[in-house]
Amino acid sequence: MSSTAGSTAIETGESPASRALRRFMAHKLAMFGLIIVVIFVVAAPLAPWLAPFDPLETSWSRLRKPPSLTHLFGTDENGRDVLSRVLYGARASLMAGTIAVGGAVLIGVPVGLVAGLGGKWVDIVISRIADAMLSIPFLILAIALAAFLGPALENAMIAIAISASPIFVRLTRGMALEARNTDWVEAARAMGNPPWRIGLVHVLPNIIPPLLVQATLAIAEAIIAEASLSFLGLGQQPPSPSWGSMLNSAQRFIEGAPWLAVFPGLAIFLVVLAFNLVGDGLRDALDPRSQKR
Amino acid sequence: MWLFLLRRLGQVIPTLLILSVMVFALQQLMPGDPALILAGEERGDPVVLAQIRAELLLDRPLAEQYLSWIWRVLHGDFGFSWRIHMPVGDLILTKLPVTFQLALMSFVIGVLIGVPCGVLSAVWRDRPIDWVINGIALFGISMPNFWLGIMMILFFSVDLGWLPPSGYVPLWEDPWMSLQTTIMPAFVLGTGVASVLMRHTRAAMLGALSQDYVRTARAKGLGERLVVGKHALRNALIPVVTLGTIEFGRLMAGAVLTEQIFSIPGFGKLVVDAVFNRDYPVVQGVVLATALIFVMLSLVADMLYMAINPRLRTA
């Protein structure tokens, strides 16, 4: 790859995708984030094999034992192994993060495309609705929705997906409006393409890079939101492990058993940091205006 | 300028209308029959239930319910709490100073850390100090507020015993104690604001430093301190002021978990308690109030932007 140094991408005939990939691979922090993400993504489904203990098995003989060689992260107020619970908790967090953002993209992108390409009045109506949703603080909207849907992990995901969708509406709409005035879309329209085809074939592929960046950063935010809802008791229900609910019960034993609060929080922090690093790396790699090779 | 303001108002009013419909719909979606909740022990008596339904207009068509509700909201009547037996408007007003104090303290901490750090890292771009500041900002953005809060309680309250772990004392009762109870949550919230402000200040400063007038200032031999402080910073701060106003709006509402952890009786705790008590008029009132504050502050942000940016004044 170093042979391309000194020449531009156009001269070497490198495609934008492979150029972005190369730039991303050269981004040390982003790769570090990606490695952490991969570790968590691999560990979560393998939790039954990786976890040293059953995450739900209680034992009166080992209540709130500090970290030791048998229980690396210690045990909780019911004698459950904290390491096993953190491992299983990764499932709830990653699922909530990816599925909720997936839902937000599936709602937000089509609606945003319609707003951007559908004409003045459609745009005004959709934009005002998105504005109204964005004016309610993200977490308060998610809490109100989760409360209405009932406390469960699936409902928390739906609540987060709905609360996060206006961001994607706004982003897609803005990009679609920009693309609408470009020459290639003008040409596509002149050739008689119907609006839906222009949207799907000519506009959408061009706005995927910023969407990818936004989605990655949104996963980080969704993981924090899931942990917050679970902390309040509106997400994953006990005894099933989730990082947020573990932190909630840890708060009561903060004086005698601080390790209960340290490890689940550290897990949230690491995953969120990793997604943020990947998102920042993607932004740098995908920005065509960036002068970095 | 006035035309712009008018157009902006033309956006705000429909937004608020849609918002009111959504908040009203939220109540319709809430599980449980309000009449049953309100009747309490007399829930078996159909006469009592019918009386409550008639009082709350629950037996009327939805459109009529909405219109009467919005009419009362416009007159400052946000309804009546089902649990605390207090008008929701009064309830919100009693919590407002608490949340405002916390938001203001967090904001000051955020600005005092975020803006200088942003300037430093732009001026020393790609130097070690830039990396360090960027790294800390990334930590601040990735750190879940509530975990940072718990860790601070662990360190400063449990281990060192310097600060009370939770609770709140109003400023006018005992200012010193009030500061002690709010400094940790304010710091927790402030670090988040600082991280965001730092990133934006840095970006704006980098933009300003590459402008021609900065090159001119340097070319005519002005000291670097004057170039950075007077020429670049003043211009870079314009977008930062707008963003800061919006961040303040988020602080006025976004402190849900932090208030929960430190037992601060503000908006966040009010809404969470109301959700668990199924006190829907309070949930509705808080959602509406926080959204209203946010919309107003973003309007203020736009006006500030015009006030400090002379180029927009003539447009």
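The values are calculated or read from the model by the stated rules, or taken from the named source; none is laboratory data. This is a predicted model, so every value here is computed, not measured. For neighbour counting, all protein chains shown are included, and Cβ atoms are generated from backbone atoms with ideal geometry for every residue, glycine included. For the accessible areas, the whole protein counts, side chains as well, though only heavy atoms, and no ligand, DNA or RNA atoms are used. Shrake-Rupley method; radii C 1.70, N 1.55, O 1.52, S 1.80 Å.
Data table
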read-out: Angle between chain A longest axis and helix A:82-117 axis [Cα atoms, degrees, rounded to 10]; value: 20
read-out: Computed over chain A: relative contact order in percent, which uses C-alpha pairs under 8 Å that are six or more apart; value: 26
read-out: Rounded accessible area per residue of the protein assembly as shown, 1.4 Å, Å²; value: 48
read-out: Karplus-derived 3J(HN,Hα), 6.51/-1.76/1.60, for each residue of the range A:206-218, Hz, glycine and proline x; value: 7, 9, 4, x, x, 5, 4, 4, 4, 5, 4, 5, 5
read-out: Centroid-to-centroid separation of the range B:182-204 and the range A:216-293 [C-alpha atoms, Å]; value: 18
read-out: The range A:54-102 and the range A:170-188: distance between their alpha carbon centers, rounded to Å; value: 48
read-out: Buried on assembly, the range A:116-140 (at least 40 Å² less accessible surface than by itself, 1.4 Å probe); value: A:128, A:132, A:135, A:136, A:137, A:140
read-out: Acute angle (nearest 10 degrees) that the helix A:28-43 long axis makes with the longest principal axis of chain A, alpha-carbon atoms; value: 50
read-out: Exposure rank, largest accessible area first [A:170, A:252; 1.4 Å]; value: A:252, A:170
read-out: Drop in accessible area of at least 10 Å² in the complex versus isolated chain, residues of the range B:8-23, 1.4 Å probe; value: B:11, B:14, B:15, B:18, B:19, B:22
read-out: Residue B:220 accessible area, 1.4 Å probe, all protein chains in place, Å² to nearest 10; value: 140
read-out: Degrees, to the nearest 10: B:267-276 long Cα axis against longest axis of chain B; value: 40
read-out: ³J(HN,Hα), Karplus 6.51/-1.76/1.60, whole Hz, each residue of the range B:226-238, x for Gly, Pro; value: 6, 4, 5, x, 9, 7, 7, 4, 4, 6, 5, 6, 4
read-out: 1.4 Å probe, heavy atoms, protein only - residues of the range B:119-145 losing at least 20 Å² accessible area vs chain alone; value: B:138, B:139, B:141, B:142, B:144
read-out: Solvent-accessible area buried by pairing B with A, both sides, nearest 100 square angstrom, 1.4 angstrom probe; value: 3500
read-out: Accessible surface of the protein assembly as shown [probe 1.4 Å, protein heavy atoms]: carbon and sulfur percent; value: 67
read-out: Calculated from backbone phi, Karplus (6.51, -1.76, 1.60) coupling profile of the range A:128-145 in Hz, x at Gly/Pro; value: 5, 5, 4, 4, 4, 5, 6, 7, 7, x, 3, 6, 5, 4, 4, 5, 4, 5
read-out: Cβ charges +1 (Lys, Arg) and -1 (Asp, Glu), total dipole of the protein assembly as shown, debye; value: 2220
read-out: Residue B:2-residue B:222 FRET efficiency (beta carbon distance; Förster radius 45 Å; 0.05 resolution); value: 0.75
